[in-house]
Amino acid sequence: MDAKKTGRYISDNRKKHGLSQKELADKLNITDKAISKWERGLSFPDISLLIPLSEILEITLYDLLTGGNKDE
C-alpha cells in the first residue's frame, strides 16, 4: 500500500462529498488530526475504521486500500 496515494484518494473523495476533515473525523469518532495524517500519507486508517470510512465516502474497500480505482 502506498500511503501518499491512499491519502490523496481519501482527500479527493472527502472533498467530493463536501466534508471537512473535522466533519469526517466526527462521523468516525476520531480527531481531525488523524484525518490530516492519513491525507498527508503519514499513517493509515486503523483497520476498525476501514468499513465505516468506505461507507461514508461511498468507495470500495479495494479502492480505499489501493488508493484508487483499478480501472484508472
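We did not get these values from a lab; they are worked out from the coordinates using the rules stated. What you see is a predicted model; the values in this text were computed from it and never measured. Please note: Cβ atoms are built from the backbone with ideal geometry, for glycine as well, and neighbour counts cover all protein chains shown.
If the only charges are +1 at each Lys and Arg Cβ and -1 at each Asp and Glu Cβ, what is the size of the charge dipole of region 14-59 around the Cα centre, to the nearest 20 debye?
Roughly 220 debye, rounded to the nearest 20.
Label sites at LEU50 and ASP2, each approximated as a point 7 angstrom past Cα along Cα to Cβ, lie 1.9 nm apart. Counting other Cβ atoms within 10 Å as a rough exposure proxy, the listed residues TYR9, TYR62 run TYR62, TYR9 from fewest neighbours to most.
Entry note, the chain: the mean residue ellipticity at 222 nm calculated from DSSP H runs of n ≥ 4, each adding -39500 (n - 2.57), is -17000 deg cm²/dmol after division by the residues and rounding to the nearest 500.
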